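Below is one structure, written out as structure tokens; comments come after it.
The values are calculated or read from the model by the stated rules, or taken from the named source; none is laboratory data. Keep in mind it's a predicted model, so treat the numbers as computed, not measured. So basically every Cβ, Gly included, is an ideal-geometry build from the backbone, and we count neighbours across all protein chains shown. SASA here: full protein model, heavy atoms, side chains in, ligands and nucleic acids out. Shrake-Rupley method; radii C 1.70, N 1.55, O 1.52, S 1.80 Å.
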Amino acid sequence: MSAAAAATALVALAACSPGGSEARVDPPPTPPAEVAGLCAALHGELPETVAGQARTGTEPESPLTAAWGGSAIVLRCGIPKPPAMADPEQEGVQVNGVSWLLEKLDDGGFRFTTGMRKAYTEVVVDKEHATDAGMLVGLSTAVAKTVPEGIASY
């Protein structure tokens with residue numbers, strides 16, 4: 001490989017760094033209009049950084065999804081009720097008045113899902129960023145401000 005080709009490849013790799021890349025996020029199935037409206041309001045209140053990661057675009061773009069640090073932290077709002085919510089043995093945490101179901105994933109990351117809110121919101125965090133206990137603070141503030149307490153109908 002020539003020096004020019006190597007330099008071009010290096011620049012291309014740098015442009016694909018996790019902090020600046022879009023995250024491929026499948027939006028949840030179409031939630032009811034009321035839930036979609038709550039998710040759109042949440043989308044507008046989400047923080048620009050989470051766990052030191054800048055907010056990045058999602059592909060496809062949707063008011064039901066958001067990401068930080070590429071695919072390091074991915075949010076989906078308006079998901080159906082997760083089956084794990086019915087398990088009384090599941091662990092949970094309370095952050096700024098928002099209850100989160102906590103599930104450890106096989107890859108070492110975590111999935112947090114809001115409970116007792118009119119819309120279920122899921123946040124999947126990769127293994128590298130799952131160690132920042134404060135990452136739910138800003139997300140919880142946005143959820144508390146935009147998604148009322150109650151039981152989701154979806």
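Determine which member of the set Thr30, Thr8 is open to solvent by 70 Å² or more (accessible area, probe 1.4 Å), β-branched (Val, Ile, Thr), under 19 Å from Val147 (Cβ atoms) and modelled with pLDDT under 95.
Thr30
If I filter segment 84-97 for residues that are closer than 16 Å to Thr121 by Cβ, in contact (Cβ under 8 Å) with a residue 24 or more places away in the chain, open to solvent by 60 Å² or more (accessible area, probe 1.4 Å) and assigned to a loop (DSSP other than H, G, I, E, B), do I get at least one hit?
Looking through segment 84-97, at least one residue is closer than 16 Å to Thr121 by Cβ, in contact (Cβ under 8 Å) with a residue 24 or more places away in the chain, open to solvent by 60 Å² or more (accessible area, probe 1.4 Å) and assigned to a loop (DSSP other than H, G, I, E, B).
Show the residue pairs that are 6+ apart or on different chains and have beta-carbon atoms under 6 Å apart, the first residue being within segment 20-48 and in contact (Cβ under 8 Å) with a residue 12 or more places away in the chain and more than 19 Å from Leu136 (Cα to Cα), the second being of a type in the set (Lys, Arg) and open to solvent by 50 Å² or more (accessible area, probe 1.4 Å).
That search, which allows pairs on different chains as well, returns Pro28/Arg76.
Among the candidates Leu75, Leu101, single out the residue that is at pLDDT 95 or above, surrounded by 14 or more Cβ atoms within 10 Å (Cβ to Cβ) and in contact with a Gly (Cβ under 7 Å, 6 or more places away or on another chain).
Of Leu75, Leu101, the one residue that is at pLDDT 95 or above, surrounded by 14 or more Cβ atoms within 10 Å (Cβ to Cβ) and in contact with a Gly (Cβ under 7 Å, 6 or more places away or on another chain) is Leu101.
Taking Gly92 and the conditions (1) closer than 21 Å to Val35 by Cα; (2) touching a Leu at 6+ places or on another chain (Cβ under 8 Å); (3) of a type outside the set (Val, Ile, Thr), which numbered condition does it fall short on, given that it satisfies the others?
Just one mismatch for Gly92, condition (1).
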